[in-house]
Structure formats: C-alpha cells, structure tokens
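Working notes for the structure below.
Please treat every number below as a calculation from the coordinates, not as lab data. Everything quoted here is computed from the prediction, not taken from an experiment. Neighbour counts run over all protein chains shown; Cβ positions are idealised from the backbone, glycine included.
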Number of protein chains: 2
Amino acid sequence: MSEDGVRETVIAKAARAKEAARRLAYLPTNVKNEALLAMARSLEERTPFILEANAQDVEAGRAKGLSRALIDRLLLTEARIAEMAEGLRVVAGLPDPVGEIVSMWTRPNGLLVGRMRVPLGVIGIIYEARPNVTVDAAGLCLKAGNAVVLRGGSEALNSNLAITRVIAKAATAAGVPDGAIEFIDVTDRAAVNVMLRLNDYLDVLIPRGGAGLIKTVVENATVPVIETGVGNCHVYVDKDADLAMAEAVVINAKCQRPGVCNAAETLLVHQDVAEAFLPSAAEKLRERGVTIRGCPRTQELVPWAEPATEEDWATEYLDLILAVRVVASLDEALDHIYRYGTKHSEAIVTNNYSSARRFVTEVDAAAVYVNASTRFTDGGQFGFGAEIGISTQKLHARGPMGLKELTTTKFVIFGEGQVRQ
Amino acid sequence: MSEDGVRETVIAKAARAKEAARRLAYLPTNVKNEALLAMARSLEERTPFILEANAQDVEAGRAKGLSRALIDRLLLTEARIAEMAEGLRVVAGLPDPVGEIVSMWTRPNGLLVGRMRVPLGVIGIIYEARPNVTVDAAGLCLKAGNAVVLRGGSEALNSNLAITRVIAKAATAAGVPDGAIEFIDVTDRAAVNVMLRLNDYLDVLIPRGGAGLIKTVVENATVPVIETGVGNCHVYVDKDADLAMAEAVVINAKCQRPGVCNAAETLLVHQDVAEAFLPSAAEKLRERGVTIRGCPRTQELVPWAEPATEEDWATEYLDLILAVRVVASLDEALDHIYRYGTKHSEAIVTNNYSSARRFVTEVDAAAVYVNASTRFTDGGQFGFGAEIGISTQKLHARGPMGLKELTTTKFVIFGEGQVRQ
C-alpha cells in the first residue's frame with residue numbers, strides 16, 4: 001500500500017471511531033453492559049472461526065522462526081478464548097465510571113460548580129502480538145465510553161481481525177454505535193506513524209509492549225501518550241525487618257513471575273542484618289533457580305554469587321537473576337533506589353515505624369510498599385477488577401490503570417443568569 | 001552561544017531542579033509557606049531593582065517596535081509588583097495538596113492500599129513576555145512541591161532575571177532547596193528545543209502563550225505536555241430561555257474581557273426566539289462596540305450585521321466581534337458546537353429542564369454552563385484560589401488548573417508480609 005493509501009485507511013478508521021465516540025460518551029450503562037455480554041457470547045460461539053484464523057498466524061510465525069515464547073503469546077486455545085470472554089463479563093459487572101459527579105460545590109455568587117466524569121474520547125492502543133489485548137482493551141474502552149482504535153502486531157493480524165470482526169459485530173447488534181471498535185489492518189509500520197500524529201482524531205495513545213515500542217511512541221507521538229513500561233523494582237530489607245517475612249517477600253517478588261514489570265530486580269540489605277539474612281535467603285533463591293549478582297560484601301556472605309557491575313543495578317532482568325547489595329543505612333538504600341529505580345514499585349521490609357514512614361514519604365514511585373511483595377502492583381490485585389496497563393508516567397494516571405483512568409472530567413456549572421463582574 | 005553550549009546550560013539548570021525536587025517533594029508545608037511569604041516580601045523590598053531591569057526591557061521593546069499591547073504586558077509598575085507579591089501570599093494561604101490520602105481501602109488479603117497525592121516533580125514552563133507568569137508559576141509550583149524550570153520570552157529577559165534572582169534567593173534563605181526555581185537565561189530558541197526533549201529531567205511541560213507557541217511545543221515535545229489554549233466558545237439561546245437573562249449572559253460573555261480564551265465568539269439562537277431576542281440584543285452589543293457577523297436569518301433580523309463566512313464559525317476573534325447563527329433546534333446547536341467548538345467553554349441559556357440536561361450531557365468541553373457566562377472558566381472563579389492555566393486537553397487536567405493539577409498520586413501499600421499467590 002502506498003504511503004498515502006496507508007494514511008487514508010488509518011484516517012478513515014479513526015474518523016469512524018471519532019464519530020462513534022460522540023454518541024458512546026453518553027450511551028446508557030445497560031446498553032454497554034449488554035454489549036459486553038453479547039461480545040463475550042460471540043467470542044465463545046465463534047471460537048472455531050477465531051482458532052482457524054489464529055492457526056494461520058501461528059503457522060506463519062513458526063515458518064518465520066518466531067521464538068517459542070512469542071508463539072506461546074500468539075497461540076489461542078478454546079480455554080484462552082473462554083478466558084477472554086470471562087474478562088468481558090467481569091468488565092460488564094464493574095461500576096460505570098461515566099457520569100459520576102466527582103465533586104460539586106457552590107460559589108459565593110450562587111454558581112454550582114461540579115466535576116463530572118466523562119470518557120476520554122478516542123483511545124489508540126498500539127500493541128504487539130498478544131491477541132488477548134485486543135479483547136481486553138476493547139472491553140475496557142467500551143465500558144468507559146470510549147471508542148478504540150486498535151493496532152496490534154502484524155504476527156497476530158489474522159487472529160486480531162477475526163476477533164475484532166466478532167466483537168465489533170456483537171457490539172453493534174447490541175446498540176453500540178458503529179465504529180466504536182476499529183482495528184487497523186495495515187501491517188505497514190507507516191500505519192503506526194500516522195496514528196502517532198493523529199491529534200484531530202485520537203485523544204490518547206496507550207502503547208503496550210516492549211521498551212522499543214514504548215520508546216518509538218513516546219519519541220514520535222504528538223497525540224498525548226500514557227507511557228507504560230519498565231520496572232526496575234527493589235526490595236529493601238531494613239535492619240529492623242522480620243527476616244522470615246523478608247525472605248518470603250523477596251522470594252515472591254523475584255520468583256513468582258519473573259518476566260513481568262513488577263517483579264523485583266535488586267535486593268538491598270541493611271548491613272546489620274546481612275549476615276543473618278543473606279546466606280539463607282540466597283540459598284532459598286538458588287533452590288528456585290535464581291542467579292545472584294552481588295556487591296563485594298554480598299559475595300563474602302554468598303560465595304557462589306557472581307560479581308555485580310554498575311550495569312546490573314540498572315537492569316530490568318525479567319528473568320531469574322537478582323542483583324544484591326548490602327547498604328550501610330536506610331539513606332543509602334533510598335539513594336540507590338533514587339539513582340537506579342524506574343519509579344515503578346519499591347518495597348521496604350521493616351518493623352521500624354520511622355523507617356517505614358520515611359520510605360513511604362521519600363520514595364518516588366508508582367507503588368511504594370511496606371511489608372508486601374512488589375508483585376501486587378496490578379489492577380486486579382488493587383481491586384480495580386481489570387486493568388488496561390500500568391502507567392509509569394506521572395501525568396494523568398500512575399500505576400495500574402482501571403476504568404477510571406480511561407476517563408477525564410468536565411466542569412458542569414449551573415447558574416441562574418450569573419455574569420462575571 | 002553554540003548549540004552544545006545551550007544544551008549544557010539548559011541541562012545544568014534542569015539537573016539542579018531535579019536534585020531540588022527530590023527534597024521539595026516532602027518539604028514541610030510551613031517551610032513552603034514561609035518561603036512564599038518571604039518571596040512576597042522580597043519582591044516588594046526589591047521593587048526598585050526589578051523596575052530598573054524592567055525599564056531596560058521596555059526601552060529595548062520600544063526600540064524594537066513592539067506593539068503597544070505587548071509593551072503593556074511587559075511593563076511592570078510598583079502596583080503590579082505588589083499584585084504579584086499579593087498573589088504569592090494567596091498561594092501561601094491555600095491548603096497544601098501534598099500528602100493528602102485521596103482514598104484508601106483494604107483488600108481481602110488484608111493489604112491496605114491507598115493513593116497519596118505527591119508532586120509531579122520538575123515542571124517546565126515555557127511562556128511569552130509576561131513577567132507576572134514568572135512569579136505565579138514559581139509560587140504555585142513551589143506550594144505543590146515541584147521544582148520549576150522557567151523559560152520566558154526574550155523581550156522580558158532582564159525583568160525575569162531580576163525577579164527570579166529575588167524570589168529564588170528569598171526561597172533558599174527560607175529553607176527551600178537550591179535549584180527549586182530555575183530560570184533559563186538563554187534567549188536562543190534552541191533552549192526551548194532542548195527543554196522539549198529533556199525527559200530525563202522534566203516531568204511535565206506547560207506552555208503558556210499564543211497558538212504558535214503551543215503548537216510548537218505540542219508538535220516537538222517528547223516530555224508530556226499539558227496543552228493550554230484556544231477557546232472558540234459559544235452561547236446558545238434556547239427557545240425556552242429567559243430572554244433578559246440571555247441578553248445579560250451574551251453581553252458579559254462577549255464584552256467583559258474579549259481578549260481572553262473564555263470569551264464567547266459565536267452566539268447561537270433558536271429560531272423560535274430569534275425575532276424576539278436578536279434585534280434588541282444586537283443593538284445592546286452594538287452600543288458596546290461589537291461587530292456582528294451573521295447567518296442570512298440573522299442579517300434579516302439585524303440589517304447592519306455583516307455576513308458570516310464558514311471561517312467565522314471557526315474563528316477565535318479575541319476581539320469585539322461576534323458570529324451569530326439562528327438554528328432550527330437544540331440538535332442543530334449541538335451539531336454546530338461539535339463541529340466548530342474547541343472544547344473549551346460552552347453555555348446554554350434555557351429554563352427547559354430537558355434541554356439543559358441534554359446540553360450538559362452531550363456537549364464535550366472543559367466547562368459546560370447552564371444559565372451563566374462562559375467567562376467564569378477560571379481557577380479563581382471556580383474557587384481554586386489561583387490557577388496555572390486552563391487546560392484544553394483531556395489528559396491529566398481539564399479546564400482551570402489549580403494546585404491539585406500540579407500533583408500526581410502514588411499508591412502506598414501497607415502489608416504484614418503478604419505475598420502474591
């Protein structure tokens with residue numbers, strides 16, 4: 001397709017989404033919920049159609065030599081489709097954030113001024129080869145009254161086309177305006193570049209995927225972006241920690257699912273408890289297949305630990321590797337986190353009130369924990385019911401984003417003829 | 001200065017601000033308030049020094065042939081400096097948004113999860129030749145716990161340098177970390193370009209100024225931007241309007257201060273009341289020096305009205321000009337606003353419950369009014385005590401931005417050793 005052709009196609013779809021967004025903004029909750037349930041039913045009913053499309057992607061992926069991990073992300077099964085449908089049912093059951101009056105007050109001149117929660121409008125989602133994102137994002141955007149323009153990775157094109165065809169049709173039949181769920185079926189990278197600068201049509205872009213994708217979007221977009229991304233998370237074991245608790249938290253934060261952004265990458269240990277804590281905790285980690293890269297003091301206490309380099313402190317391994325550093329004080333731990341952290345999730349294990357308070361106050365991160373695993377940074381775990389991603393920026397949304405983060409507010413003002421003096 | 005030199009200078013200042021921001025984030029409220037009061041006192045005490053610097057700018061501006069309006073914006077007087085000082089005292093008196101627990105809840109596993117309000121970090125403000133912005137922005141950013149990197153227009157360089165020297169010195173003496181208020185004294189436009197991409201140092205950029213400046217920032221920044229800007233605002237006089245009220249609202253919205261973004265630019269009138277309303281309202285507007293550009297029906301009712309072109313509907317005049325259109329229905333008014341509005345401030349005048357409700361629900365704008373002038377879209381008028389600007393985007397902040405809009409939240413999580421299953 002020519003560059004102009006790509007541009008025209010993307011704009012045509014975005015324009016349909018924008019048109020849909022106007023009515024979607026005040027579509028009654030029960031219509032949205034019925035649509036979500038109908039989408040779930042359709043996904044289940046059309047499972048063979050979706051699996052057939054997915055088989056083409058998987059076959060092409062294998063022929064292209066995609067890694068086993070990528071093929072696994074791409075692969076759909078009956079169970080996975082049922083999970084996607086279940087996700088939509090969960091979203092249908094969540095409270096509708098739209099229309100909520102967040103606050104309202106009366107001014108001395110009698111004006112009643114309030115903030116009303118309203119949809120963002122049209123949300124662009126740029127993601128990689130995970131067909132489940134297609135359903136999750138479409139469901140959450142719809143519930144929050146937004147139109148969505150989806151652009152998934154080319155490896156999952158057939159799967160995504162099949163899925164969006166099924167869910168968009170079900171949504172429309174249930175009374176959702178045509179265009180509410182648009183999928184960009186242009187695999188050319190140029191389509192992404194067009195989306196990045198489509199300020200007249202898109203209100204927000206949310207990239208979901210690896211560091212390369214996020215960087216491209218942040219660096220080139222003129223449409224406002226919600227950045228999701230990297231987590232170089234720390235667990236700090238304070239001198240006053242319950243060491244059994246510390247061990248459980250560290251093991252969980254590192255091992256429970258090492259490939260995700262809220263897993264811990266560096267362990268900081270106060271020097272006063274290093275000897276009592278590190279050798280045995282390290283052993284338990286080793287039993288779970290964890291490699292340790294330690295500072296000199298760590299290597300003294302854990303002889304099998306590899307030496308940590310400057311680079312290790314800054315690395316998000318996403319793997320069974322843990323950097324370990326013994327620190328002289330809480331201040332040194334705070335400095336380390338300030339210097340190397342990515343402001344995602346940081347935890348202290350301590351029974352000292354003042355250390356806990358300082359850690360919570362002074363650490364600048366999306367989620368700051370006392371005596372709990374960093375792995376809880378997740379919309380579901382926080383009680384949001386579902387999440388569209390974890391924001392690592394400070395503007396608009398920080399940390400796990402649920403339905404409310406897919407809305408904005410408008411001021412509504414009720415007067416009796418007031419004019420400004 | 002060479003391009004590298006500009007870059008180095010800007011980065012050095014931004015780095016100082018970032019260092020300051022770390023401590024500023026949890027600086028006690030009383031220290032911040034004392035600093036604001038000290039800054040106010042210093043401004044007053046050093047008035048002669050500031051006026052001297054300002055005189056240089058004004059003289060240079062006159063020599064360069066700046067318009068009278070620009071010179072007026074640039075000019076400082078003893079009274080204007082006193083006003084700036086008073087503004088700082090008002091900010092000192094406002095509640096500190098930092099540290100507020102916005103909400104907190106307990107999860108089934110016993111984790112206590114809350115959102116704590118925290119500063120954004122380092123805020124870059126890019127503005128034109130208004131020295132009062134220097135003081136306003138510095139005061140608001142400081143109160144919300146942010147460091148600020150200011151880059152004002154070159155025409156006000158001497159004034160801004162004098163002002164920042166005075167207030168930064170007073171702030172530091174009161175216990176605010178050095179670097180909390182940084183001013184970029186490089187007039188080269190390259191300095192702005194460096195700021196736009198300083199993601200490692202700046203958390204947010206807020207451009208304040210004309211459409212050209214805003215466009216440059218939005219199109220070239222990789223740092224997240226809060227867009228402030230254009231207002232093509234409408235007043236719609238419904239068929240069920242109180243016509244005396246409608247007249248007062250329209251006159252106020254157009255004439256009270258025509259050069260600002262919340263002034264009305266287009267009047268829409270329902271055809272059923274056009275004859276009763278337009279001729280007399282137009283006459284009153286004419287008495288106030290307003291030129292009318294009308295649709296054909298308007299021209300029938302107001303023979304002296306000029307014809308409106310398609311361009312008029314889309315124009316933010318910022319002047320005593322009003323576009324007027326007679327519409328057949330509320331729907332036609334809503335369509336007009338959807339098509340030509342800039343989502344800033346929109347008003348309906350009506351006593352019809354259903355029309356009012358539809359207008360509030362269906363109009364997508366930062367501020368939607370029933371029976372009041374659009375001129376109220378202002379932080380002071382809404383009761384925020386002060387404002388840093390009016391956001392016209394949907395992300396993070398929409399409408400007038402007070403202290404809270406200069407903050408973000410972080411999740412704080414208190415556990416007793418919880419790990420994720």
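Each copy carries a label point for A:Leu243 at 7 Å from Cα along the beta-carbon vector; from one copy to the others these points are 8.8 nm apart, nearest first. Mean sequence separation of contacting Cα pairs (under 8 Å, at least six apart), scaled by the length of chain B, corresponds to a relative contact order of 18 percent. In nanometres and ascending order, the distances from the A:Arg286 label point to those of the other copies are 9.5 (point 7 Å from Cα along Cα→Cβ). Counting only other chain Cβ atoms within 10 Å of each residue's Cβ, the peptide B:358-371 averages 5.
Kindly identify region B:1-75 as rounded, prolate or oblate by the Cα gyration tensor criterion: order the square roots of the eigenvalues as a ≥ b ≥ c, call it rounded if a/c is under 1.5, otherwise compare a/b with b/c, prolate if a/b is larger, else oblate. Because a/c hits 1.5 or more and a/b fails to exceed b/c, region B:1-75 counts as oblate. Placing +1 on the Cβ of every Lys and Arg and -1 on the Cβ of every Asp and Glu, with nothing else charged, gives the protein assembly as shown a dipole about its Cα centre of roughly 620 debye. Shielding by partners for peptide A:246-255, expressed as the average number of C-beta atoms from other protein chains within 10 Å of each residue's C-beta, is 2. Relative to the longest principal axis of the Cα atoms of chain B, the long axis of helix B:47-63 makes an angle of roughly 60 degrees. Couplings 3J(HN,Hα) of region B:261-275, computed from phi: 5, 9, 6, 6, 10, 9, 10, 10, 10, 5, 4, 5, 10, 4, 5 Hz, in residue order, whole Hz [Karplus 6.51 cos²θ - 1.76 cosθ + 1.60, θ = phi - 60°; x for Gly and Pro]. Principal axis extents of the C-alpha atoms in chain A (largest first, rounded to whole Å): 70, 66, 38. Available extension along the chain between A:Arg80 and A:Asp272 is 64.3 nm, counting 0.36 nm per residue and deducting the alpha carbon span. Of all chain A residues, the one whose Cβ lies closest to the rotation axis that maps A onto B, given with that distance rounded to whole Å, is A:His396, 2. Based on the alpha-carbon gyration tensor of region A:279-421 and its eigenvalue square roots a ≥ b ≥ c, which shape applies: rounded if a/c is under 1.5, prolate if not and a/b is larger than b/c, or oblate? In terms of gyration-tensor shape, prolate. Segment B:Asn109..B:Asp4, full-extension length gain: 32.4 nm, with 0.36 nm per residue of separation and the alpha-carbon distance subtracted. Take each residue in A:107-116, count the other chain C-beta atoms within 10 Å of its C-beta, and the mean is 3. Charged neighbours of B:Met1, selected by a Cβ distance under 10 Å, balance to -3 (K, R count +1; D, E count -1).
Full extension of the chain segment joining B:Leu318 with B:Tyr26 gains 101.0 nm, where the gain is 0.36 nm per residue of separation less the Cα-Cα distance. At 10 °C and 1.306 mPa s, grab the translational diffusion coefficient of region B:202-267 from Stokes-Einstein with a Kirkwood Rh over Cα pairs, rounded to a whole number in µm² per second. It diffuses with D of about 113 µm²/s by this estimate.
Within the set of other residues whose C-beta is less than 14 Å from the C-beta of B:Glu287, count the net charge using Lys and Arg as +1 and Asp and Glu as -1. Computed value for this residue: +2. Helix B:211-220 axis versus longest C-alpha principal axis of chain B: approximately 50°, rounded to the nearest ten.
Starting from the label point of B:Glu3 at 7 Å along Cα→Cβ, the same points in the other copies fall at 2.2 nm, in ascending order. For a test of the definition: using alpha carbon positions, the gyration tensor, and the 1.5 limit on a/c, classify the protein assembly as shown as rounded, prolate or oblate. Judged from the Cα gyration tensor, the protein assembly as shown comes out oblate (a/c at least 1.5, b/c at or above a/b).
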